[in-house]
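Have a look at the structure below, then the notes.
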Amino acid sequence: MTSPVRVRFAPSPTGKLHIGGARTAIYNWAFARSCGGAFILRIDDTDPARSTEENTQVILRAMRWLGLDWDEGPEVGGDFGPYSQTERLDIYREAAERLLAEGKAYPCFCTPEQLAADREAAAARKDPFQGYQRRCRDIPADEARSRMEAGEPYTLRIKVPEDRGNVVINDAVHGKVTFDAKELDDFVIFRSDGTPTYNFATVVDDAAMGITHVIRGDDHLSNTPRQVMVYEALGAPVPTFAHISMILGADGKKLSKRHGATSVEEYRDAGYLSDAFVNYLALLGWSLDGETTVIPRDVLASQFSLERISKNPATFDPKKLDWMNAEYINAMSDADFADQIMLPELLRAGLIDEGFEADEAWVDALAAIVRPRTKMPADAAVVATPVFKTAETLEYDEKSVAKGLAKEGMGAVLDAARTALEDVTDWTAENIDAALEPLPEVLDVKKRLVFGAVRVAVCGNMVSPPLGETMALIGRDDCLARIDRARPMAG
Ligand code: GLU
C-alpha cells in the first residue's frame, strides 16, 4: 500500500515570495490536489539573521492571493506542527542527540582556523577532496563526551558511512542522478551556536511530517545526497524528489530584479488576476498536453502530474503573462467583469464614487464594450472615461482633434450627424448606427472619416469603443451637446 501523498512548500522568510518560489508552491499545491494528498506550508526560518515575521506575513498573504490553500501550516495548524522551524528546535536537538548516541553523528572540535588550514593544504596538494578532513571522526566517544561537558565549542557532524558507495537519486524530473558518497563531507548538522543547519532541519522536518514528495528548485539538487545521508541516519524513508528547473529572463540569465518585477505582490498590485498569474506560472516548466495554454485552476488541480514537468529551464515572458491576463479577462461574464474589475477600477480612477448606482442593464452594456478592450484592469477606466464625462467635462485629445475633426469638410459632417441624430427618438445603439449609416453616401465622404469625426466629437478621441453603443450609454442630450461643443473645432 502506498502512503497518501504529502508535500510541502517551505519558504525561508528572508524576503518576499518571488516568481520562482510561487511556481514551486503552485506545483506542490497542484500535485497534492491532483492526487488527493495534503499540501503543507512550513516556514523555514532557521536563519534568524535574515528571517523576519514581516516577510512571513507577506508570504502568507501572497499564498492566499494566489489561492494556494494549505491543509497544514501557519494559521491552520495540523497534527505535525509546529510549522515554523524556529519553534521546532527541541525536535532537531533530540534528533541530533539520537544520532550522536547511535554513533551516526559526532562532535567536531576543530577551530575555524584549523578548518581553513586543512582546506588550504588540500588545495595545495591538489587533493580532489577539499572538504572536511575528518579529524574528529575517530575521537573515542568518552573523550568526546568529556570535552563537550568541559565546555569546549563543537559542531555536530554526520558520519557518512565509509562503505556507502554511490548515492543514487531517482529524481522525478531529472531521472537517475548519481553522486559518489566519497565526495560528501561529514557535513555539519548542528552549528556551535546550537542551531541546526538547513540540510539537517529540513530532513528532520520532512521525515517527521511524513513528506512523500519533495518538489523544489533544482538549486537544491546538490544538497540532496547530503539530505539522503540524514534520512538514512535517521532510519526514515527517503521521499521522491522532483527538482524543477530554473526560471530564466528573456536574456537567458537567471530571473532577477534586473528583469523587472519579481515578487508576487508586485504583480497583484499591477492588476494581474490571480487565476491568470497562476496559470501562466504553472506553464513555466509544466504542460498539460504540450499545447493547451489556458488551464483553469480546477483543471490544474486535477490534471497536474510530475511526469509532465520539463527538465529544461523555462523563460519568463512578461508579454505572454499579459496575453494570459487578457484571456482571463475576456473570458469573464459581463456581470463578473463589472463587479470584479470594471467598477473597482472606475472607483479607483475617481470616475464614480462609493454611492454609484446604475441600472444593471446599463452597467452590463458598458461592461460588454469595455471588457474586450481591457488587457489590464486599469485599462477599463481609460476605455470607459468618455462615458463618465459630460459635454462640459470631456477632454479632447489634441492629436485626435487634428486628425479626425479639424480636416476640411468635418464641420459639415457634424452638422449632418447632429440633424440625423436629433430625429432618433428611441436612443439605442442600433438606432444611432442606423441614423449615421447613410451619411457617407449623402455627403460623399468616406465612412471612416464620418464616423471618425463623430467619434472625436462625442468621445474626445479616436480609440473609444464602438460608437453606437458608447453613444447609447452617454445619452441623447449629452451626445448632442458634445457635438455642439466640438463644432467650432471642426474644419
Ligand atoms: N527553505 C528552503 C528554500 O527556501 C527550502 C528548500 C527545500 O524545499 O528543501 O530554499
Exercise for the section: Using only Cα atoms, tell me the angle between helix 476-486 and the longest principal axis of the chain; keep it within 0 to 90° and round to the nearest 10. Expected result: 80 degrees
Exercise for the section: Among the GluC sites (Glu not before Pro) in segment 316-388, which ones are in a DSSP loop with at most 11 other Cβ atoms within 10 Å of the Cβ? Mind listing them? Expected result: Glu354, Glu357
Completion exercise
Taking the chain and a Cβ-Cβ threshold of 4.7 Å, the cysteines left without a partner are Cys35, Cys110, Cys459, Cys479
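Work out, step by step, the length gained on full extension between Ala301 and Lys407: first 0.36 nm times the residue separation, then minus their alpha carbon distance; give nm to one decimal. Provide the component values of the computation, followed by the final result.
On the way: separation 106, 0.36 × 106 = 38.16 nm, distance 5.75 nm.
Using 0.36 nm per residue and subtracting the Cα-Cα distance, I get 32.4 nm.
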Completion exercise
Nearest 10, in degrees from 0 to 90: the angle of helix 53-66 to the longest Cα principal axis of the chain is 50 degrees
Handout entry: Local net charge near Ala10, Cβ-Cβ under 13 Å (Lys/Arg +1, Asp/Glu -1)
Key = -1
Fill in the blank from the handout: Rounded to one decimal in nm, the spacing of the 7 Å Cα→Cβ label points at Glu430 and Glu152 is 9.6 nm
Exercise for the section: Starting from the Cα of Thr52, step 7 Å along the direction of its Cβ; do the same at Asp364; then give the gap between the two resulting points in nm. Expected result: 4.9 nm
Exercise for the section: Starting from segment 258-324, pick out the trypsin sites (Lys or Arg not before Pro) whose DSSP state is loop and whose Cβ has at most 13 other Cβ atoms within 10 Å. Expected result: Lys311
Problem - Reachable lysines, given that their alpha-carbon falls under 23 Å from the alpha-carbon of Lys159 and they are not under 8 places away in the same chain - result: Lys104, Lys182
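On a full-extension model of 0.36 nm per residue, what is the gain between Glu97 and Thr178, subtracting their alpha-carbon distance, rounded to one decimal in nm? Could the numbers behind the result be given before it?
On the way: separation 81, 0.36 × 81 = 29.16 nm, distance 2.98 nm.
The span from Glu97 to Thr178 would gain 26.2 nm if fully extended.
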Exercise for the section: Would you order Cys479, Cys35 from fewest to most other beta-carbon atoms within 10 Å of each residue's own beta-carbon? Expected result: Cys35, Cys479
Exercise for the section: Could you run the Debye sum over the Cα atoms of the chain, one equal point scatterer each and no solvent, and tell me log10 of I(q)/I(0) at q = 0.12 Å⁻¹, two decimals? Expected result: -1.07
Problem - Only Lys, Arg (+1) and Asp, Glu (-1) charged, at Cβ; segment 221-340 dipole about Cα centre in debye - result: 800 debye
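If I take all pairs of Cα atoms in segment 179-251, what percentage of them are more than 16 Å from each other?
Working: 1397 of 2628 pairs.
Of the Cα pairs, 53 percent sit more than 16 Å apart.
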Exercise for the section: Within segment 123-222, report the chymotrypsin sites (Phe, Trp or Tyr not before Pro) that DSSP leaves as loop and that have at most 13 other Cβ atoms within 10 Å. Expected result: Phe129
Completion exercise
Here the relative contact order (percent) of segment 1-137, from C-alpha pairs under 8 Å and at least 6 apart, is 20 percent
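Take the alpha carbon gyration tensor of segment 21-166, find the square roots of its eigenvalues, order them as a ≥ b ≥ c, and report rounded if a/c is under 1.5; if not, report prolate when a/b exceeds b/c, else oblate.
On the way: a/c = 2.31, a/b = 2.01, b/c = 1.15.
Here segment 21-166 falls in the prolate category.
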Practice task
May I ask you to list the lysines whose Cα is less than 19 Å away from that of Lys311, ignoring any residue fewer than eight positions away on the same chain?
Solution key: Lys176, Lys253, Lys254
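Under a Cβ-only charge scheme (Lys and Arg +1, Asp and Glu -1), can you give me the dipole magnitude of segment 164-270 about the Cα centre, in debye to the nearest 20?
On the way: 11 positive and 15 negative charges, 44 e Å.
For segment 164-270, the charge dipole is close to 220 debye.
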Problem - Separation of the Asp336 and Ala270 label points, Cα + 7 Å toward Cβ, nm - result: 2.3 nm
Practice task
Please report, in debye to the nearest 20, how large the charge dipole of segment 382-490 is about its Cα centre when each Lys and Arg carries +1 at its beta carbon and each Asp and Glu carries -1 there.
Solution key: 460 debye
Practice task
Quick one: angle between helix 89-101 and the longest Cα principal axis of the chain, in degrees between 0 and 90, rounded to 10, please.
Solution key: 30 degrees
Practice task
Would you please state which residues of segment 150-186 a label at Ser192 would reach in this model, taking the label point 7 Å out along Cα→Cβ and a backbone N cut-off of under 13 Å?
Solution key: 151-156
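Given the DSSP H assignment, sum -39500 (n - 2.57) over each helix run of at least 4 residues in the chain and divide by its residue total; what's the result at 222 nm in deg cm²/dmol, nearest 500?
On the way: 21 runs with 213 residues, N = 491.
Calculated from helices alone, the mean residue ellipticity at 222 nm is -13000 deg cm²/dmol.
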Completion exercise
Extension length gain for Glu75 and Ala124 (0.36 nm per residue less Cα distance), in nm, is 12.4 nm
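Would you work out the relative contact order for the chain, in percent, from Cα pairs under 8 angstrom that are 6 or more residues apart?
Numbers: 724 pairs, mean separation 62.8, N = 491.
Taking the mean separation of contacting Cα pairs over the length of the chain, I get 13 percent.
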Practice task
Net charge near Asp251: determine it from the other residues with C-beta under 14 Å of the C-beta of Asp251, scoring Lys and Arg +1 and Asp and Glu -1.
Solution key: +3
Problem - Charge dipole of the chain about the Cα centre (unit charges at C-beta), most positive-ward option of Val463, Trp427, Gln227 - result: Gln227
Exercise for the section: List the lysines whose Cα lies under 30 Å from the Cα of Lys389, skipping any in the same chain that are fewer than 8 positions away. Expected result: Lys375, Lys399, Lys403, Lys407, Lys446, Lys447
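I need the calculated FRET efficiency for the pair Asp484 and Glu354, taking r as the beta carbon distance and R₀ as 56 Å, to the nearest 0.05.
Working: r = 33 Å, r/R0 = 0.58.
So, using R0 = 56 Å, E works out to roughly 0.95.
Bear in mind that the values in this text are calculations on the coordinates, not laboratory data. This one's a predicted model, so the numbers in the text were calculated from it and none came from an experiment. Here the Cβ is made from the backbone with ideal geometry for all residues, glycine too, and neighbour counts use every protein chain on show.
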